[in-house]
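Report on the structure given below.
The values are calculated or read from the model by the stated rules, or taken from the named source; none is laboratory data. Please read these numbers as outputs of a predicted model, since none were measured by experiment. Neighbour counts run over all protein chains shown; Cβ positions are idealised from the backbone, glycine included.
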Amino acid sequence: MTPGPTVEELIATVTADAESDDPRDQLAAASRAVAELEAVADAVLEHFVSQCRNRGRSWSEISGSLGVSKQAAHKRFSALPLLNRFTPRARTVLRAAAEAALALGHPYIGTEHVLLGLFEPAQGLAAQVLDETGITRAGVEEQILNVTPRGSSTNADPPFTPRAAAAIERAVTEALTLGHNYVGTEHILLGLFADPEGLAAKVLAELGAQRDDYANRLIKKLTGYTKPGP
């Protein structure tokens, strides 16, 4: 395993990144660096815990690998992905997905509703790319209703389907793969592509969207960003 940076290397990096040689500026830079390292470390653990869960591993097995109690592991990771890693726009997507399911009278939140939710924060990168490629919310909804007609559910708090939950978890993996310590709308969109059997992926394919093309478009938009957008 490749060793991580040494303390000396981290101190040198912080010193170089600090605004000045004032100890307070250096301390502030150190605080930012440590927070980023902790976020990346948490994302790595979340990724592999999610893999274990997706492959049917129990919380007892996971806790044994982590060296903590079953209760501690479950408390920390059972709600993966952690919403405090999601940007405000990404959280809006999840709320909008629930609203979309309710509006269609569906008693659950599927990948298709998450896809509809991506249109809600119009300033989000996902919505921008969907718009650029001519994919509209109305067009997506039409495709969904061709497969699953409107229902009559009035459940104001519909649950995520296992497939939708897995897609949201994959958004964390997509963020980690891109070296990001936050989850934005762009990562959620890429996460939907990962399951070709999910209705969202099928709708995107039907409308001509391709994962690699969208990934390239999103990466281009992210070029030059030094901080995660909301």
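Picking from THR173, THR148, which residue would you name as being within 26 Å of ALA35 (Cα to Cα) and of a type in the set (S, T, N, Q)? Before you say what the answer is, go through the steps one by one.
Numbers: THR148 fails: within 26 Å of ALA35 (Cα to Cα).
Result of the check over THR173, THR148: THR173.
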Contacts under 9 angstrom Cβ, first residue in the stretch 89-107 being in the same structural domain as ALA122 (by TED's automatic domain parsing), partner of a type in the set (Ser, Thr, Tyr) and not in a loop (DSSP other than H, G, I, E, B), 6 or more apart: ARG89/THR185; ALA90/THR185; THR92/THR185; VAL93/THR185
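Go through ALA209, ALA164 for me and flag whichever is touching a Ser or Thr at 6+ places or on another chain (Cβ under 6 Å) and not polar (S, T, N, Q). Reasoning before the result, please.
Numbers: ALA209 fails: touching a Ser or Thr at 6+ places or on another chain (Cβ under 6 Å).
It is ALA164.
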Criterion violated by GLY105 - all others in (1) modelled with pLDDT of 95 or more; (2) assigned to a helix (DSSP H, G or I); (3) not β-branched (Val, Ile, Thr) satisfied: (2)
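Among residues belonging to the stretch 172-189 that are among the hydrophobic types (A, V, I, L, M, F, W, C) and surrounded by fewer than 22 Cβ atoms within 10 Å (Cβ to Cβ), point out the one that is modelled with the highest pLDDT. Working first, answer last.
Step one: list which residues in the stretch 172-189 are among the hydrophobic types (A, V, I, L, M, F, W, C), which gives 172, 175-176, 178, 183, 188-189.
Keeping just the survivors that are surrounded by fewer than 22 Cβ atoms within 10 Å (Cβ to Cβ) gives 176, 178.
Values: LEU176: 85, LEU178: 89.
My answer is LEU178.
When the residues of the stretch 195-216 are narrowed to those that are of a type outside the set (Asp, Glu) and surrounded by fewer than 17 Cβ atoms within 10 Å (Cβ to Cβ), which ends up farthest from ALA97 (Cα to Cα)?
To start, the set of residues in the stretch 195-216 that are of a type outside the set (Asp, Glu) comprises 196, 198-205, 207-211, 214-216.
Now restrict to residues that are surrounded by fewer than 17 Cβ atoms within 10 Å (Cβ to Cβ): 196, 205, 207-208, 210-211, 216.
Values: PRO196: 19, ALA205: 20, LEU207: 20, GLY208: 22, GLN210: 22, ARG211: 21, ASN216: 25 Å.
Among those residues, the one meeting the criterion is ASN216.
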Mind listing whichever residues of the stretch 17-39 are charged (D, E, K, R) and under 17 Å from PRO5 (Cβ atoms)? ASP17, ARG32, GLU36, GLU38
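Among the residues of the stretch 146-157, is there at least one that is over 21 Å from ARG89 (Cβ atoms), assigned to a helix (DSSP H, G or I) and modelled with pLDDT of 95 or more? I'd like the intermediate steps shown before the answer.
Narrowing the stretch 146-157 to residues over 21 Å from ARG89 (Cβ atoms): 146-157.
When the remaining residues are screened for being assigned to a helix (DSSP H, G or I), the result is 146-147.
From what's left, modelled with pLDDT of 95 or more: 146-147.
The answer is yes, given that some residue of the stretch 146-157 is over 21 Å from ARG89 (Cβ atoms), assigned to a helix (DSSP H, G or I) and modelled with pLDDT of 95 or more.
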Run LYS221 past the list (1) more than 9 Å from the chain's Cα centre (by Cα); (2) closer than 29 Å to HIS106 by Cβ; (3) not aromatic (Phe, Trp, Tyr) and report the number of the one that doesn't hold. (2)
Filter result for ALA164 (surrounded by 19 or more Cβ atoms within 10 Å (Cβ to Cβ), small (Gly, Ala, Ser) and closer than 29 Å to PHE48 by Cβ): yes
Just to be sure, is GLU142 part of a helix (DSSP H, G or I), within 23 Å of LEU222 (Cβ to Cβ) and of a type in the set (D, E, K, R)? no
